[in-house]
Amino acid sequence: MKTQSTVPSARESGGKREGGGQGHTQIADGVVAKIAGMAAREIGGVHAMGGGTARMVGAVRDAVSGGGASGTVAQGVSVEVGERQAAVDIDLVVEYGAAIQDLAAAVRRNVTNAVERMTGLEVTEINIKVDDIHLPEDDSSDNGDSEPRVQ
């Protein structure tokens, strides 16, 4: 279900402040990173986000903190936010079999739409780095049914 915002976007006002300079809105980098992370995860074929080290640190952090999802939403995402523009870098782990170029294009589209709709910032670029491919046997390797190699 898609919701339509009733708040006019910054682009509709031509970047001008309305209401005689009533104030300034600043959007933190972390906010944009969370939006981008959520939007990237919505695309089928994205298995995880972040490089191997980032995922390992995130797993340790989740184990210590009780697994709060808010800390991992922006994992694998770094952003640079200006007054009117944002640039996004995303590290992905893709599912085996996914067409990486198509997946990257879909992630770019979804992230751009989400960030621009929610923040009014223009997304100038989205750099995507594919760090790993998740193989189907990666899930079954931890089942514990195999004999130990040494005793």
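Every number in this text was worked out from the coordinates using simple rules, so none of it is lab data. Everything numeric here is computed off the predicted structure, so don't read it as measured data. Note: ideal-geometry Cβ built from the backbone for every residue, glycine included; neighbour counts use all protein chains shown.
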Original post:
What is the spin-label model distance, in nm, from Asp139 to Ala105 if the labels are put 7 Å beyond Cα along the C-beta direction?
Top reply: 2.7 nm
Subject >> Protection-proxy order for peptides 100-111, 36-47, 123-134, each taking the mean of Cβ atoms within 10 Å per residue, highest first >> reply: 36-47, 100-111, 123-134
